[in-house]
Amino acid sequence: MGAEPFPTTLHHDGGHGDGEAPLLLGLQASALVDHVARVNWSLLDQIPGERGGSIPVAIEELEHILKEVKTHILSPQDESSPVKTIAGGSVANTIRGLSSGFGVSCGILGACGDDEQGELFASNMSSRGVNLSRMRMKKGPTAQCVCLVDESANRTMRPCLSSAVKLQADELTREDFKGCKWLLLRYSIFNLEVIQAAIRIAKQEGLFVSLDLASFEMVRDFREPLLRLLESGNVDLCFANEDEATELIRGEQAVNPESALEFLAKHCKWAVVTLAANGCIAKHGKEVVRVPAIGESKAVDATGAGDLFASGFLYGLVKGLSLEECCKVGSCSGGSVIRSLGGEVTPENWHWMCKQMQIKGLPVPGTRI
């Protein structure tokens, strides 16, 4: 499956030429398109697997679920279409948020297929100012995921990844990383080889590395390779939610978010554990902070909350804010995405976020950086 240069017609860099390296580079080996819909519980009872989980499905099953969605849709909340189809994936969500909401120069590194979904992914990301010059186009399908959101704003995901095109470790070059300051990664055993190769080259080029722990299932089932990544000392910043963090230290005497934070901070310069409605805790050096969540945010869909928290926190680091301020910005941006469907913040909710930041005395995004 040969890789081709990305079509230049789809390049859009929001004022930064392809020759100028983005400040932050996200690695997402496979481009992904999300189909997000608010559905009633009866549909979730019909599809295989546990409600609230994420289980891979074949393309036939994905298409079947999408057909069924139409008859189980909840009344749309200010949405023009009952199914929202957008570029997805944790890293893509974070990068897009940094670019479109915070004005930070960002790029994405990965592969997408030469199909309708690949074009949609590229169009969505480029229109939000993300540099696509490090993306490869390959012959084959782009990964897709159905995200079903129930009446309690919880999501059930059914990704179709098996036959999707993917960036391989031996396709990475030093040129991909040259001039960038940060590499953003999400832990996945299925992409471990490309993650390891990316970290190796990123460190040769002097980049900071940020790692998101992905899911408690991924941490539980593939804990040893993750521990080796952390213990290498090459991960500068680690994001984990409460379930992922406690799963990481399972077997220790004290299994709680605070102990997990201490463990992560032994290996990373910055460690952050998000606690959903209870806010977050973070550590840098000897400093430990606890920041509450945004109380005024009503959840419509929890998709992307952790990803957009990371956007805000990284914006804070790039701007040179204190650890507490970084957490507060993350809390504002994480709170903004859950107010509507999908992992992308709407213009109205960016406005809401800026208002929250002003109230808290935080620097509101201005000129592009």
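Check off (1) more than 16 Å from the chain's Cα centre (by Cα); (2) of a type outside the set (Asp, Glu); (3) crowded, with 19+ Cβ neighbours inside 10 Å for Pro82 and give me the number that stays unchecked.
Every condition holds for Pro82 apart from (3).
I'd like the residue in the range 261-301 that is part of a strand (DSSP E or B), within 20 Å of the chain's Cα centre (by Cα) and not aliphatic (A, V, I, L, M) and, out of all such residues, is farthest from Leu226 (Cα to Cα).
In this case the residue turns out to be Cys280.
Looking only at the range 193-210, decide whether some residue is in contact with a Lys or Arg (Cβ under 7 Å, 6 or more places away or on another chain), open to solvent by less than 10 Å² (accessible area, probe 1.4 Å) and of a type in the set (S, T, N, Q).
no
When you go through (1) within 23 Å of Phe313 (Cα to Cα); (2) touching a Phe, Trp or Tyr at 6+ places or on another chain (Cβ under 7 Å); (3) β-branched (Val, Ile, Thr) one by one for Thr142, which number turns out not to apply?
(1)
If you check Arg339 against the conditions, is it in a loop (DSSP other than H, G, I, E, B) and not hydrophobic (A, V, I, L, M, F, W, C)?
Yes.
Can you name the strands (runs of 3 or more DSSP E) wholly within the range 126-186 that have at least 2 residues being among the small types (Gly, Ala, Ser)?
Here the list is empty.
Do any residues in the range 267-284 that are farther than 8 Å from Glu242 by Cβ and modelled with pLDDT of 95 or more have Cβ atoms under 7 Å from those of residues that are among the acidic types (Asp, Glu) and open to solvent by 30 Å² or more (accessible area, probe 1.4 Å), where the two are at least six apart or on different chains, and which pairs are they?
Taking only residues 6 or more apart or on different chains, the pairs are His267/Glu231; Ile281/Glu258.
Considering each residue of the range 233-258, count those that are open to solvent by 40 Å² or more (accessible area, probe 1.4 Å) and either of a type in the set (D, E, K, R) or without any contact (Cβ under 8 Å) to a residue 24 or more places away in the chain (or both), and give that number.
Of the residues in that region, 10 qualify.
With the requirement that a residue be more than 12 Å from Gly330 (Cβ to Cβ) and polar (S, T, N, Q), what does the range 273-309 give you?
Once the filter is applied, which keeps residues that are more than 12 Å from Gly330 (Cβ to Cβ) and polar (S, T, N, Q), the range 273-309 yields Asn278, Ser297, Thr303.
Residues to consider are Gly97, Gly107; find the one that is touching a residue at least 60 places away in the same chain (Cβ under 8 Å), crowded, with 24+ Cβ neighbours inside 10 Å and in a helix (DSSP H, G or I). Don't jump to the end; show me each part of the working.
Numbers: Gly107 fails: in a helix (DSSP H, G or I).
Selected residue: Gly97, the only one of Gly97, Gly107 that is touching a residue at least 60 places away in the same chain (Cβ under 8 Å), crowded, with 24+ Cβ neighbours inside 10 Å and in a helix (DSSP H, G or I).
Quick test of your reading of the structure: Ala37 fulfils all but one of (1) open to solvent by less than 60 Å² (accessible area, probe 1.4 Å); (2) at pLDDT below 90; (3) closer than 27 Å to Asp243 by Cα; (4) in contact with a Pro (Cβ under 7 Å, 6 or more places away or on another chain). Name the failing condition by number.
With respect to (1) open to solvent by less than 60 Å² (accessible area, probe 1.4 Å); (2) at pLDDT below 90; (3) closer than 27 Å to Asp243 by Cα; (4) in contact with a Pro (Cβ under 7 Å, 6 or more places away or on another chain), Ala37 is out only on (2).
Can you tell me which residue among Leu321, Leu314 is in contact (Cβ under 8 Å) with a residue 24 or more places away in the chain and within 17 Å of the chain's Cα centre (by Cα)?
On the way: Leu321 fails: within 17 Å of the chain's Cα centre (by Cα).
The match here is Leu314.
Being more than 20 Å from Thr94 (Cβ to Cβ), outside any helix (DSSP H, G or I) and of a type in the set (Asp, Glu) is the requirement here; does Glu247 meet it?
Numbers: more than 20 Å from Thr94 (Cβ to Cβ): yes; outside any helix (DSSP H, G or I): no; of a type in the set (Asp, Glu): yes.
In short, no.
Among the residues of the range 302-316 satisfying the criterion of being part of a loop (DSSP other than H, G, I, E, B) and not hydroxyl-bearing (Ser, Thr, Tyr), which is surrounded by the most Cβ atoms within 10 Å (Cβ to Cβ)?
Gly304
The values are calculated or read from the model by the stated rules, or taken from the named source; none is laboratory data. The structure displayed is predicted, hence computed values, not measured ones. Here Cβ is always computed from backbone atoms with ideal geometry, including for glycine, and neighbour counts include all displayed protein chains. Calculation scope for accessible area: heavy atoms of the full protein, side chains included, ligands and nucleic acids excluded. Shrake-Rupley method; radii C 1.70, N 1.55, O 1.52, S 1.80 Å.
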